[in-house]
Amino acid sequence: MHVLAKPTQFLIFLFLLFGGLYFARTVLIPVTIGGLLAMLFFPVSKKLEQRGINRGLASTICIVCLLGVGMGLLIFLKWQSTDLLNDLAGIEERIKQVMAQVQAYIDEKFGINPQQQKKLIKEQQSSGVGELSTMMTKSLSSLLGIGVDSLLIFVYAYLILYFRNHLKKFVLKLVDSDSRSETREALYESSKVAQ
């Protein structure tokens, strides 16, 4: 029995670890992405600070640049979707042609004329109205969630850029005093890699 105690404890630890990560994903994902973006803008913030700009303003400039890139991507997507909507009339005409061909095929093979087909389709659509409203609600909820997560990512990136010295001190306090110099060196090397 005693031989199985260590592997069982390890498996329970892994189960709790991954379960905790799963349930904390709503917080951990924005923090992680914010940390990555802060690492990306760390060299820019450092150069701005070397030119005499205080850390808060340098971090704000980095986040504004990040917002500009994000807005640029959104404008590009809107432009592409506008082009798609302009082509929608041609797509709609092609769909009508295909539908007429399908209706003729169904009439020929199964003997259901186009009026009966339209009646069957309307019956199916009337039963699906509730599903459409549910789908719209889920879509709006997803869009709102994406907006909130994006805002959190920008806030976390700003806070990580602004409070990076406090985070470094926190990590150093977690380590034994014997290995602080090694930890300080590892932090320095990892910051060089991020640049």
### Query
How big is the charge dipole of segment 10-125 about its Cα centre, in debye rounded to the nearest 20, if each Lys and Arg gets +1 on its Cβ and each Asp and Glu gets -1 on its Cβ?
460
## Note on the structure
Quick numbers on segment 1-122, Rg and Dmax over C-alpha atoms in Å, give 29.6, 82
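Read the figures in this text as sums done on the coordinates, not as results from a lab. Fair warning: this is a prediction, and the values are worked out from it, not measured in the lab. Here Cβ is always computed from backbone atoms with ideal geometry, including for glycine, and neighbour counts include all displayed protein chains.
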